[in-house]
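Working notes for the structure below.
FYI, it's all coordinate maths here, none of it is from the lab. All values derive from a computational prediction rather than experimental measurement. No Cβ is skipped: glycine too gets one built from the backbone with ideal geometry, and neighbour counts run over all protein chains shown.
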Amino acid sequence: MTKREGKSETIDLKALLTGDEDYLRAMVEAIVQATLEAEMTEALGAAKGERSAGRLGYRSGYYGRSLITRVGTLELRVPQDRQGRFSTALFERYQRSEKALVGALAEMYVQGVSTRKVKAITEELCGHEFSASAISAINKSLDESLRAFAERRLGEAYPYLILDARYERAREAGVIASQAVLVAIGVDWEGRRQVLAVELANRESRSSWRDFLLGLKRRGLFGVEFVVSDDHSD
């Protein structure tokens with residue numbers, strides 16, 4: 001006769017369930033979805049279809065949102081209200097994690113990691129593979145931010161201007177070569193430093209520095225009284 005131990009059976013069942021990723025994902029997805037519905041009910045002061053004198057608004061369908069978690073990607077339906085005032089606090093932690101992940105992807109891009117490797121890394125780290133188009137969109141937004149920084153207007157005086165260059169290996173037209181990185185740092189009357197411009201040039205030359213400085217002037221640089229630089233003839 002086989003002796004059964006109820007406790008061990010319970011433990012085995014729990015291990016079986018927690019080891020089933022599909023089960024866990026479905027369970028967590030259901031809990032999160034129910035939380036979103038409860039938040040909307042509380043925000044409106046009435047459940048779906050409920051008649052209430054204290055109602056503060058009306059539902060207006062859903063929009064889809066994916067949430068990357070440790071048990072997989074949850075596909076959620078986020079409720080909306082007609083006035084567009086409902087906002088859930090549920091995604092705050094996710095948004096912080098998402099920003100960190102996007103920052104990591106951008107750093108990979110800056111360091112020259114290929115799209116194929118980025119996809120493999122994200123799949124390994126969080127169980128979610130970003131598409132090539134998604135990674136390209138992240139890189140594009142990074143390029144736009146860098147362009148906005150490089151073209152911003154310089155609206156205050158910088159009496160001290162520090163010019164310097166360093167050489168870095170950069171890829172251009174599929175070829176990796178050493179290029180000069182021209183840097184301009186401004187110091188205001190309060191003694192605060194700010195990077196004014198960073199540009200690539202094939203090498204340090206009279207023409208490259210002239211174009212670099214003309215670009216600063218076009219962006220509004222004024223009030224320079226003292227320049228610190230290497231020994232340039234120009």
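Given N residues in the stretch 165-212, what is its alpha carbon radius of gyration divided by 2.2 N^0.38 Å?
1.38
Expressed in whole Å with the largest first, what are the equivalent ellipsoid semi-axes of the stretch 145-234 derived from the C-alpha gyration tensor as the square root of 5 times each eigenvalue?
Semi-axis lengths for the stretch 145-234 are 24, 15, 11 Å.
Treat each spin label as a single point 7 Å out from the Cα along the C-beta direction, and report the Asp211 to Ser229 distance in nm.
Here the answer is 1.5 nm between the modelled labels.
When the Debye formula is applied to the Cα atoms of the stretch 39-81, each taken as the same point scatterer, what base-10 log of I(q)/I(0) results at q = 0.29 Å⁻¹?
-0.96
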